[in-house]
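Read the structure below first, then the notes.
Derivation of every value follows stated rules applied to the coordinates shown; laboratory data play no part. Here the structure is a predicted model, which is why all the values come from computation and not from measurement. Positions of Cβ are generated from backbone atoms using ideal geometry, with glycine treated the same way; all protein chains shown enter the neighbour counts.
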Amino acid sequence: MASFPGELARPPQEWVARVCNLQRWTVMSSGGHFAALEEPEALVEDIRAFYRGLR
């Protein structure tokens, strides 16, 4: 999960880990609800890093 500082609501990491199979938690430096439009490079890099870990 990528946690963006401008997101409307950010659940606590502990809660997400308890109710989901959390594999990755990244705290991003900027961006918000529309991260793909606001910070596309950072979002793509985080997605790539997630999949690199699955190889």
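Structure notes:
- The stretch between F34 and E7 holds 8.9 nm of extra length on full extension. This uses 0.36 nm per residue minus the Cα-Cα distance.
- The Cβ shell under 15 Å around V44 holds other residues with a net charge of -2, Lys and Arg each +1, Asp and Glu each -1.
- Dividing the helix sum by the residues of the chain, where each DSSP H run of 4 or more adds -39500 (n - 2.57), gives a mean residue ellipticity at 222 nm of -11500 deg cm²/dmol.
- Seen from V16, the other residues with C-beta closer than 15 Å to its C-beta sum to a net charge of +1, counting Lys and Arg as +1 and Asp and Glu as -1.
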